[in-house]
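The structure appears below as structure tokens.
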Amino acid sequence: MAFKLPPLPYSENALEPHISARTMSFHYGKHHQAYVTNLNNLIEGTDLETRSLEDIIRSTVSDTTKVGIFNNAAQVWNHTFYWHSMAPNGGGEPQGSLREKINKDFGSFEEFAKLFKQAGVGQFGSGWAWLVLAKDGHLKVTKTANADLPLIHGEHALLTCDIWEHAYYLDYQNRRPDYVDVFLKNLANWDFAQKNFEE
Ligand code: MN3
């Protein structure tokens, strides 16, 4: 069973004016699709063909002969998670148990937002900014390079922002800080993060 490009949880223009339909058509339709296609080509006829995406990620991360498989599998996972990390009319601040936990572990939502922006802006080159539940049970903001992701570090992802240039360049050019601001202010899907927190 080959992997399929998972459907977007909204239409390609649903995040406008913050993320354009043009960005979405390239980012989802070309980049995400390419990771799926590459992964399928790389695992075809191997024993990985029947495994879950998470299984493939875990079993290839330390294998230097399978870097291409890991990178494409992880990028398939990361992008699906990223689409769900955003919503039309998203942004603002979380409520409920996640809000309490953010206040407890970061001191305030503002402090969390400051750290998340620092992670996104401070990642040199391509990567991802994350809100995760760490192994010690505390919430943490992290950044990862390229395709790297929390699940191989024993962390549970709650929310992510793609900070590869292809995520924002058509709309924001070199203004990555503005893109991360807009992600927090207008796009972050706190219902999704809450659901991940409860899992
Ligand atoms: Mn991307």
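Can you give me the distance in nm between label points at Gln33 and Glu111, each placed 7 Å from the Cα along the Cα-to-Cβ direction?
About 4.5 nm, to one decimal.
Would you mind calculating the relative contact order of region 96-198 from Cα pairs under 8 angstrom and at least 6 residues apart, reporting the percent as a whole number?
Across region 96-198, relative contact order equals 26 percent.
Loop only by DSSP, 12 or fewer other Cβ within 10 Å of the Cβ. Give me the chymotrypsin sites (Phe, Trp or Tyr not before Pro) in region 65-173 that pass, ordered by residue number.
Values: sites: Phe70, Trp77, Phe81, Tyr82, Trp83, Phe106, Phe109, Phe112, Phe116, Phe124, Trp128, Trp130, Trp164, Tyr168, Tyr169, Tyr172; in loops: Phe124, Trp164, Tyr168.
Within region 65-173, the qualifying chymotrypsin sites (Phe, Trp or Tyr not before Pro) (loop, at most 12 other Cβ atoms within 10 Å) are Phe124.
If a paramagnetic tag sat 7 Å from the Cα of Arg175 along the Cα-Cβ line, which residues of region 87-108 would have the backbone N under 18 Å from that point?
none
Would you mind getting the accessible area per residue of region 55-154, heavy atoms of the protein chains only, 1.4 Å probe, in Å²?
Values: 4430 Å² over 100 residues.
That works out to 44 Å² per residue.
Post the alpha-carbon centroid distance, region 131-160 to region 1-72, in whole angstrom.
Result: 19 Å between the Cα centres.
Going through the DSSP H helices of the chain, which span 18 Å or more along their own axis at the Cα atoms while scoring at least -0.5 as a mean Kyte-Doolittle hydropathy?
Numbers: long enough: 67-84 (26 Å, -0.14); 109-122 (19 Å, 0.06).
Answer set is 67-84, 109-122.
Give the residue list of trypsin sites (Lys or Arg not before Pro) in region 100-199 that are DSSP loop and have at most 10 other beta-carbon atoms within 10 angstrom.
Values: sites: Lys101, Lys104, Lys114, Lys117, Lys135, Lys140, Lys143, Arg175, Lys185, Lys195; in loops: Lys135, Arg175.
Taking region 100-199 and a limit of 10 other Cβ atoms within 10 Å, no loop trypsin sites (Lys or Arg not before Pro) are found.
Rounded to the nearest 0.05, what FRET efficiency do Glu100 and Lys135 have when you use their Cβ-Cβ distance and R0 = 25 Å?
It comes to 0.75.
When the accessible area of region 102-199 is split by element with a 1.4 Å probe, what percent falls to carbon and sulfur? The partial results should precede the final answer.
On the way: 2240 of 4370 Å².
Roughly 51 percent of what the probe reaches on region 102-199 is carbon or sulfur.
Relative contact order for the chain using alpha-carbon pairs under 8 Å, separation at least 6, rounded to a whole percent? Don't jump to the answer; show the numbers that get you there.
Details: 288 pairs, mean separation 49.0, N = 199.
25 percent.
The values are calculated or read from the model by the stated rules, or taken from the named source; none is laboratory data. This one's a predicted model, so the numbers in the text were calculated from it and none came from an experiment. As a convention, Cβ positions derive from the backbone with ideal geometry for all residues, glycine included, and neighbour counts pool all protein chains shown. Note: areas computed on protein heavy atoms with side chains; ligands, DNA, RNA excluded. Shrake-Rupley method; radii C 1.70, N 1.55, O 1.52, S 1.80 Å.
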